[in-house]
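To start, the structure under review is shown below, and the notes come after it.
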Amino acid sequence: MNRSSDYSQGKRQKEQQQARKQQEKAARRQRRREQGSAEPELVTADEIAGGLPSIDEAMRAIEERATGPRGVASIPCRMFVGGISSSTSEQELRAVFGEFGVVADAVILKDRGTGQSRGFGFVTMENRKDAGRAIDQLNGSELNGRRLVVNVATDRPR
């Protein structure tokens, strides 16, 4: 019997809680009705525009930017370079790719045990557009008697 009284007590508390929430909701609704609809604040066009430039000023600024040097940050691109000869150095690789743009990094991977070139490496160019031209020109070309394979590097799952 004790269990049924606990159940009914819990049920009564829940009903009282629901009734209190309904009363609070009704009170909030009544307060909103008493406040009435809010009047929108009237502002002038000058207040909205604030310190915005005129159309003529904006057009002049656009024209000036178009004639000036581009300040857009370049997007770097990392490329895989395969078929590298064992006699090719990182400086030589950097010089070959440097003909197409600024080279940020050039690395030839070496065997841990022997220190010999593994035949591939990575070149990072500062500008993605330069990297595209380098891939077009150098993929399939010859360097120190070996045919290069050049493409955009992809992360391989570990």
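The values are calculated or read from the model by the stated rules, or taken from the named source; none is laboratory data. A quick note: this is a predicted structure, and the numbers were derived from the prediction, not measured. Here the Cβ positions follow ideal geometry from the backbone for every residue, glycine too, while neighbour counts run over all protein chains shown.
Checked against (1) at pLDDT below 80; (2) within 30 Å of G145 (Cα to Cα), T44 passes all but a single condition, namely (2). Of the candidates G113, G101, G83, the single residue that is of a type outside the set (A, V, I, L, M, F, W, C), more than 24 Å from T154 (Cβ to Cβ) and at pLDDT 85 or above is G113. Among the residues of the stretch 116-129, is there at least one that is free of Cβ contacts under 8 Å to residues at least 24 places away in the same chain, assigned to a strand (DSSP E or B), touching an Asp or Glu at 6+ places or on another chain (Cβ under 7 Å) and under 15 Å from C77 (Cα atoms)? Checked the stretch 116-129: no residue is free of Cβ contacts under 8 Å to residues at least 24 places away in the same chain, assigned to a strand (DSSP E or B), touching an Asp or Glu at 6+ places or on another chain (Cβ under 7 Å) and under 15 Å from C77 (Cα atoms).
Tallying residues that are without any contact (Cβ under 8 Å) to a residue 40 or more places away in the chain and in contact with a strand residue (DSSP E or B) (Cβ under 8 Å, 6 or more places away or on another chain) within the stretch 133-153 yields 3.
Taking the condition surrounded by 10 or more Cβ atoms within 10 Å (Cβ to Cβ), at pLDDT 80 or above and within 45 Å of the chain's Cα centre (by Cα), does R60 pass? Considered against the rule, which asks whether it is surrounded by 10 or more Cβ atoms within 10 Å (Cβ to Cβ), at pLDDT 80 or above and within 45 Å of the chain's Cα centre (by Cα), R60 comes out as yes. Of all residues in the stretch 83-123, exactly one satisfies the criterion of being closer than 15 Å to N144 by Cβ and basic (K, R), namely R94. Kindly indicate whether R65 is modelled with pLDDT of 75 or more and either part of a helix (DSSP H, G or I) or among the polar types (S, T, N, Q) (or both). Here the answer is no, as R65 does not meet what is asked. Looking across the stretch 128-158, the residues that are more than 19 Å from I108 (Cβ to Cβ) and crowded, with 16+ Cβ neighbours inside 10 Å come down to D130, G132. Cβ-Cβ distances below 7 Å connect no pair with a first residue in the stretch 1-25 that is in a helix (DSSP H, G or I), a second residue that is modelled with pLDDT under 90 and of a type in the set (K, R), and a separation of six or more residues or different chains. All conditions but one from (1) small (G, A, S); (2) in a helix (DSSP H, G or I); (3) exposed (fewer than 10 other Cβ atoms within 10 Å of the Cβ); (4) modelled with pLDDT of 80 or more apply to A95; the one that does not is (3).
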